[in-house]
Amino acid sequence: MAKLSRQEVEYIAELAKLTLSDEEKQQFREQLSAILEYAAILQQVDTTGIPPTASAIPLKNVMRPDEAGLSLSNEEALFNAPDAQDGCFRVKAVLDDTP
């Protein structure tokens, strides 16, 4: 496959709204051309008999069952709280504008 032209790289950069220096244009010309050459090689792979798939590995749920278990008592949870009131954490209001 032929290398991308400078004009094609400039067009791609414009689509991406990128401002590129001359050195960057040359660098991206080489890199994008290499990517397209590799894609062309992959196009030659025989995939007949291989069904389309969204994932190459089987999916499985890794979440554990939601079961009740031991937890802290209210007193233990509030033991180191800087401020507590009526069995709850007490915090400064988020929308309060006073310092």
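Computed from the coordinates by the stated procedures, all read-outs in this text should not be read as laboratory data. Just so it is clear, the model here is predicted, and its values are computed rather than measured. Glycine also receives a Cβ, built like all others from the backbone with ideal geometry; neighbour counts cover every protein chain displayed.
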**OP:** Within segment 73-86, identify whether any single residue is closer than 30 Å to residue 6 by Cβ, free of Cβ contacts under 8 Å to residues at least 12 places away in the same chain and of a type in the set (A, V, I, L, M), and answer yes or no.
**Re:** no
**OP:** Would you check which residues across segment 1-43 are among the basic types (Lys, Arg) and loosely packed, with under 12 Cβ neighbours inside 10 Å and list them?
**Re:** 17
Original post:
In segment 30-62, what residues are in a loop (DSSP other than H, G, I, E, B) and either of a type in the set (Ser, Thr, Tyr) or under 30 Å from residue 9 (Cα atoms) (or both)?
Top reply: 44, 45, 47, 48, 53, 55
